[in-house]
1. Would you kindly derive the ³J(HN,Hα) couplings of the range 308-321 from the backbone phi angles with the Karplus curve 6.51 cos²θ - 1.76 cosθ + 1.60 (θ = phi - 60°), listing them in order in whole Hz, with x for Gly and Pro?
2. Report the relative contact order of the range 136-219, percent, no decimals, based on alpha-carbon pairs under 8 angstrom and at least 6 residues apart.
3. Convex hull over the Cα atoms of the range 160-247, averaged projected area in nm²?
4. Could you give me the ³J(HN,Hα) list for the range 158-175, computed from phi with Karplus coefficients 6.51, -1.76, 1.60 and θ = phi - 60°, whole Hz, x at Gly and Pro?
5. Mind ranking L10, L23, L70 by accessible surface for me, highest first, 1.4 Å probe?
6. Please get the size of the charge dipole for the chain, origin at its Cα centre, with Cβ charges of +1 on Lys and Arg and -1 on Asp and Glu, quoted in debye to the nearest 20.
7. Does the range 110-225 classify as rounded, prolate or oblate by the C-alpha gyration tensor (a ≥ b ≥ c root eigenvalues; a/c under 1.5 gives rounded; else a/b over b/c gives prolate, otherwise oblate)?
8. Tell me, what ³J(HN,Hα) does each residue in the range 224-237 have, in order and in whole Hz, if you take phi through Karplus 6.51 cos²θ - 1.76 cosθ + 1.60 with θ = phi - 60° and put x for Gly and Pro?
Amino acid sequence: MPHLETERVLLGHGSGGQLMAELLADVITPELGLTAPLEDAALIGLNQVFSTDSYVVTPRFFPGGDIGSLAVHGTVNDLAMRGARPLALSLAYIVEEGLPLSELRDITRSAAAAARAAGVPIITGDTKVVGRGAADGLYVTTTGVGMRLRDARPSAASAEPGDVVLVSGPVGLHGIAILSAREGLGFDADVSSDSRPLNDLVAAMIAAGGADVHALRDPTRGGLAGSLNEIAAASGVCVEVVESAVPVPVPVAAACDLLGLDPWHVANEGCLVAFVAPGSADAVVAAMRALPEGAGTTVVGEVVDGVAGRVLARTLVGSSRVVDVLVGEQLPRIC
């Protein structure tokens with residue numbers, strides 16, 4: 001039998017895949033008394049939404065963004081995935097001694113610009129400095145509060161039989177952009193991160209579909225496959241996706257082929273997955289395509305009869321395969 005390390009945290013525990021799910025289920029949630037399903041953001045009362053996230057991306061600057069704008073977009077989007085309009089953010093730094101002040105200034109300026117573009121103020125924060133070697137240059141934590149839009153009730157546990165599955169844009173751009181910038185692979189000219197705020201897109205979806213927008217997820221760590229599996233498991237439904245319908249850009253597909261990666265497992269920062277009741281799907285798709293961040297919206301599948309919690313992909317030859325989550329670590333430090 002192979003040796004299994006069970007008493008230490010592994011890098012794969014932060015992948016958004018199976019190891020992370022086990023860490024949450026076995027260590028974090030029991031000690032905190034949290035109950036499933038775990039969402040991108042938590043409800044406080046009926047309509048207030050709260051979310052927090054930490055960002056440890058390497059490198060800190062990458063094609064299409066940096067750790068500052070990424071931190072703002074990530075928390076804004078987590079609030080939006082619960083149907084909330086973001087009201088305010090906090091921004092906290094853990095800075096390693098020796099980080100150039102010019103770099104910290106550029107990152108802070110980028111975070112401020114991202115917040116203004118998303119229409120949400122940064123109102124408070126915290127800064128700590130640690131010794132050389134105690135951090136990877138800079139870690140950023142953002143926390144956000146929001147208010148649920150009228151008729152918005154999306155939840156990972158709310159997908160229903162017959163729901164149409166939508167993806168708002170191409171997948172895999174962020175993870176490949178990060179990997180290329182980190183390792184000097186040369187994909188930078190063809191691939192740029194899709195990092196951007198999605199709160200306006202979600203507001204348009206809710207205006208068009210209301211409570212028929214059943215589930216929303218931004219497929220960050222763990223990628224599209226992780227998000228689909230989370231919703232399928234939380235809702236107790238079977239999801240079938242048409243493999244050829246998933247929008248994978250040609251440069252991303254080429255990079256993944258070269259590196260032996262699955263683009264469905266690669267992180268994204270500017271697209272979402274939505275489960276929408278069939279009666280409202282056309283209206284929601286039209287509303288999404290009317291905005292730049294949703295112009296590439298595609299219908300990729302539906303909720304079907306089948307094994308609860310399972311995600312299937314219908315292949316080009318007409319067969320089906322099971323779409324599983326990451327077991328270990330594929331792309332470290334992508335957010």
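The values are calculated or read from the model by the stated rules, or taken from the named source; none is laboratory data. Given the structure is predicted, the values throughout are model-derived calculations rather than measurements. Reconstructed Cβ throughout: ideal geometry from the backbone, glycine too, with neighbour counts over all protein chains shown. Calculation scope for accessible area: heavy atoms of the full protein, side chains included, ligands and nucleic acids excluded. Shrake-Rupley method; radii C 1.70, N 1.55, O 1.52, S 1.80 Å.
1. Going residue by residue, I get 4, x, 9, 10, 10, 10, 7, 7, 5, 8, x, 8, 10, 10 Hz, with x marking Gly and Pro.
2. Values: 56 pairs, mean separation 38.5, N = 84.
Value for the range 136-219: 46 percent.
3. Values: hull surface 27.7 nm².
If you wrap the Cα atoms of the range 160-247 in a convex hull and average its projections, you get 6.9 nm².
4. Here the 3J(HN,Hα) series is 10, 5, 10, x, x, 4, 8, 9, 10, 10, 7, x, x, 10, x, 5, 5, x Hz.
5. On the way: L10 70, L23 45, L70 0 Å².
The ordering from most to least exposed comes out as L10, L23, L70.
6. Working: 21 positive and 38 negative charges, 150 e Å.
In total the dipole reaches around 720 debye.
7. Details: a/c = 2.20, a/b = 1.41, b/c = 1.56.
Judged from the Cα gyration tensor, the range 110-225 comes out oblate (a/c at least 1.5, b/c at or above a/b).
8. Rounded to whole hertz, the list is 4, 4, x, 5, 4, 5, 4, 5, 4, 5, 5, 8, x, 10.
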